[in-house]
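This report refers to the structure that appears directly beneath it.
The values are calculated or read from the model by the stated rules, or taken from the named source; none is laboratory data. Bear in mind the structure is a predicted one, so any value in this text is a computation, not a measurement. Reconstructed Cβ throughout: ideal geometry from the backbone, glycine too, with neighbour counts over all protein chains shown.
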Amino acid sequence: MYSMDKMKNGEVSSLFHYTGFMCIFLGLLMLLPIVVALIYGESKYILPFFYSSFISIIMGVLLFKGFKKQVDLSLRGAMVFSTSIWLVACALSALPFYFSGDLSYLDGYFEAMSGYTTTGFSMYVNLDTAAFTMDFWRGFMQWLGGVGIIVLALTILSSPAVNIMRLYSAEGRDERILPSIRHTARTILKIYVLYTVIGIILFIAAGMPIFDSVFYTFSALSTGGFAMQNASLAFYHSIWIELVAIIIMIIGATNFALHYTVLKGNWREYFKDIETRVSWPLIIIGTIIVAVYLYNSPYYAHDFLLSLRLSVFQVVSAITTTGLQTSSGQEITNQYAGLAIFVLTLLMVIGAGSCSTGGGIKWIRIGIMVKSVWWEIRSFLLPQSAVISRKIHHVKEVKVDDNLLKLTGLFVFVYLMVFIISNIIVMFYYPNVSQVLFEVASALSNVGLTSSLITTTSPVIVKLTFIADMWIGRLEIWPVLLLLAIGASNIIRK
């Protein structure tokens, strides 16, 4: 039995030690926006990032030197660290927004959580006037969050293999590309950087300015959704830019292990994988439903090509949990009201691929649930002596046992419970049910598609609810519940 006393005596010191390492790491990364500020002559933002970097590094050094790595982390300890480090990273990353005067500290924390969790909600009142320096920081946070703060750190962290394995698992990842977790993390980062370079080149070729290309590659590949303009990608009025964004969003939402397999030359695996067989029918069916709905509405002059263009972009943005928009928040509230907003909400809840940059319930869980229904029906039709093969193809043949079915069902149940509770809280302040369902689904699945409900003037409790949803959704619920359970047990003991 894992005792709290053991954690207090051994693991707590190790947890603070690793937290110090992450703070130093983050503090060094905060120096990069200073380069952008110098390039674009935005001297106002140099000191805010310098102060933020200094605070992060000093705090990190004190923790790293003051606490020694005494024991290997248990899975519980790794989950506590994984859960808490996102809160610490957001607390530190909110400082530049606050020190620069762009946002209040709470709004800066919201912005940081939205960035690292690759959600894409923004507290900026007018994105059109945001500085290049802050846009770079917002986009860079999403790029870091897409690959995973801990996965990124694991590429350079010197630690026993058992710690690395448990830290990797605790961030919501359970698939290996290579036998070594450290090599897996490095391979994921290499693939991520490769696609980042490709995305920048494609956006430039489509006619987007260089800085914008870097920003929107960060945003699309991380399935983040931050925008540089109030109109998001609709600002460019370019079908080519939208097509590039669609390609990059789908890449970001696809399992890294599947990317690795395809890049190694085994491209047939992509079409055999259960996540491919779940995602593409949903994209096609969702696009047709939304396109027909928009075409039949009076808002787009019954222009089917325009309706199809708007539909395919928003459907892909929703199911990949990206959040980039070619329809404004006001349009989604009004023109999409009814069936279209329902479909987008459903797709956001379903979410993206496992071991990807996306959020939501995930394609693999949807595939397992659909398959389990079919297996159960077959068990009724076949003789009791018949053996039903319960397997799925996910990069390789995977046997689906009762434990996996139980965990899948429990995850979906807890996800829906968090979704319901969050909606109840928000509905105390906003009466539009479909709009609230849409926005909460967007937060919990780390999407960022908005109908303009959440703004800087929203009540504090609503902002805190959305912050919690983004945090819970990014870590896939279980680590957060463990941290809350440990906190509750300590309070009860006292």
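Residues in region 460-494 that are surrounded by fewer than 13 Cβ atoms within 10 Å (Cβ to Cβ) and at pLDDT 80 or above: VAL460, ILE461. Among the numbered conditions (1) modelled with pLDDT of 90 or more; (2) part of a helix (DSSP H, G or I); (3) not aromatic (Phe, Trp, Tyr), the only one that GLU376 does not meet is (1).
Find the residue count for region 234-254, including only residues that are surrounded by fewer than 24 Cβ atoms within 10 Å (Cβ to Cβ) and either at positive phi or assigned to a helix (DSSP H, G or I) (or both). Residues that pass the stated criteria total 13. All of (1) over 21 Å from ALA220 (Cβ atoms); (2) at pLDDT 95 or above; (3) assigned to a loop (DSSP other than H, G, I, E, B); (4) hydrophobic (A, V, I, L, M, F, W, C) hold for LEU346 with one exception: (3). Screening LEU202 against (1) on the phi < 0 side of the Ramachandran plot; (2) surrounded by fewer than 17 Cβ atoms within 10 Å (Cβ to Cβ) leaves a single unmet condition, (2).
Of all residues in region 308-326, those satisfying the criterion of being surrounded by fewer than 23 Cβ atoms within 10 Å (Cβ to Cβ) and either free of Cβ contacts under 8 Å to residues at least 60 places away in the same chain or more than 25 Å from ASN255 (Cβ to Cβ) (or both) are LEU308, ARG309. Going by the conditions given, is VAL447 within 30 Å of TYR124 (Cα to Cα) and in a loop (DSSP other than H, G, I, E, B)? So VAL447 fits the description; yes.
Filtered by the rule that a residue be of a type in the set (Gly, Ala, Ser) and surrounded by 24 or more Cβ atoms within 10 Å (Cβ to Cβ), region 277-306 gives a lone residue, SER279.
Only one of the listed residues (THR223, THR261) is in contact with a helix residue (DSSP H, G or I) (Cβ under 8 Å, 6 or more places away or on another chain), under 30 Å from LYS399 (Cα atoms), of a type in the set (S, T, N, Q) and not in a helix (DSSP H, G or I). That residue is THR223.
Summed over region 380-431, the residues that are assigned to a strand (DSSP E or B), modelled with pLDDT of 85 or more and either over 17 Å from GLY367 (Cα atoms) or out of contact with any strand residue (DSSP E or B) (no Cβ under 6 Å at 6 or more places or on another chain) (or both) give a count of 2. Per the conditions (1) modelled with pLDDT of 90 or more; (2) over 13 Å from SER445 (Cα atoms); (3) among the small types (Gly, Ala, Ser); (4) not in a helix (DSSP H, G or I), the sole criterion not satisfied by ALA340 is (4).
Matching residues to (1) touching a residue at least 40 places away in the same chain (Cβ under 8 Å); (2) among the aliphatic types (A, V, I, L, M):
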site: ILE200; (1), (2): no, yes
site: PRO209; (1), (2): no, no
site: LEU221; (1), (2): yes, yes
site: GLY225; (1), (2): yes, no
site: VAL244; (1), (2): yes, yes
site: ASN255; (1), (2): yes, no
